[in-house]
1. For the range 60-83, give me each residue that is over 12 Å from the mean Cα position of the chain (by Cα) and either aromatic (Phe, Trp, Tyr) or open to solvent by less than 60 Å² (accessible area, probe 1.4 Å) (or both).
2. Using beta carbons and a limit of 9 Å, which pairs, at least six apart or on different chains, have the first residue in the range 84-113 and open to solvent by 30 Å² or more (accessible area, probe 1.4 Å) and the second one aromatic (Phe, Trp, Tyr) and in a strand (DSSP E or B)?
3. Looking only at the range 15-34, how many residues end up being outside any helix (DSSP H, G or I) and either polar (S, T, N, Q) or modelled with pLDDT of 95 or more (or both)?
4. Picking from 68, 96, 91, which residue would you name as being on the phi > 0 side of the Ramachandran plot and of a type outside the set (Lys, Arg)?
5. If I filter the range 17-24 for residues that are acidic (Asp, Glu) and surrounded by 15 or more Cβ atoms within 10 Å (Cβ to Cβ), do I get at least one hit?
6. Suppose we filter 29, 46 for residues that are surrounded by 15 or more Cβ atoms within 10 Å (Cβ to Cβ) and under 11 Å from the mean Cα position of the chain (by Cα); which single one remains?
Amino acid sequence: MPNSNVARMRPIRLDRDTLRTDEAEQEIRRRLDIGSPTVTLHAFERLEEREEQDQLNSADMMRILEKGFIQEEPEKTDEGWIVTVTMRMAGCRDAGVVTAILVPGDDLIVITVEWMDWL
């Protein structure tokens, strides 16, 4: 069921030189409402490793993207924007999903899934 709050929001201009964290969060959620993200092989392998350790899985990744927060300024690239969406998980660890917001289009690419305290 689409999130009616997201559907009524004014479109975000992704062609600018800066993007606020709240705008990036809004854009990710809008794109999740219309489709699933593409998961890179690297991210899939990290998820498999963490799932085997009973730590993080695909459902956690989706929950982070749907409800997490972006704390660092989005990074502009030739293809769009790179952000890390983070969320506090059970066990009091923060997990992050590094995500590309591709421009133009509505694609989201999950680059990796990581624990934030290893940095």
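1. If the condition is that a residue be over 12 Å from the mean Cα position of the chain (by Cα) and either aromatic (Phe, Trp, Tyr) or open to solvent by less than 60 Å² (accessible area, probe 1.4 Å) (or both), then 77, 80 are the ones that fit.
2. As it stands, the answer is 87/69; 93/115; 94/115; 102/81; 103/81, since those pairs meet every condition given.
3. 3
4. Answer to the selection: 91.
5. Yes, because at least one residue in the range 17-24 is acidic (Asp, Glu) and surrounded by 15 or more Cβ atoms within 10 Å (Cβ to Cβ).
6. 29
Yes/no per residue for (1) in contact with a helix residue (DSSP H, G or I) (Cβ under 7 Å, 6 or more places away or on another chain); (2) farther than 28 Å from residue 92 by Cβ; (3) touching a residue at least 60 places away in the same chain (Cβ under 8 Å); (4) not hydrophobic (A, V, I, L, M, F, W, C):
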{"position": "17", "(1), (2), (3), (4)": "no, yes, no, yes"}
{"position": "22", "(1), (2), (3), (4)": "no, no, no, yes"}
{"position": "25", "(1), (2), (3), (4)": "no, no, yes, yes"}
{"position": "31", "(1), (2), (3), (4)": "no, yes, yes, yes"}
{"position": "34", "(1), (2), (3), (4)": "no, yes, yes, no"}
{"position": "39", "(1), (2), (3), (4)": "no, no, yes, no"}
{"position": "49", "(1), (2), (3), (4)": "no, no, no, yes"}
{"position": "53", "(1), (2), (3), (4)": "no, no, no, yes"}
{"position": "58", "(1), (2), (3), (4)": "yes, no, no, yes"}
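The values are calculated or read from the model by the stated rules, or taken from the named source; none is laboratory data. This is a predicted model, so every value here is computed, not measured. Because the Cβ atoms are built from the backbone with ideal geometry, glycine has one as well, and the counts that use them run over all protein chains shown. Accessible surface areas use protein heavy atoms only, side chains included; no ligands, DNA or RNA. Shrake-Rupley method; radii C 1.70, N 1.55, O 1.52, S 1.80 Å.
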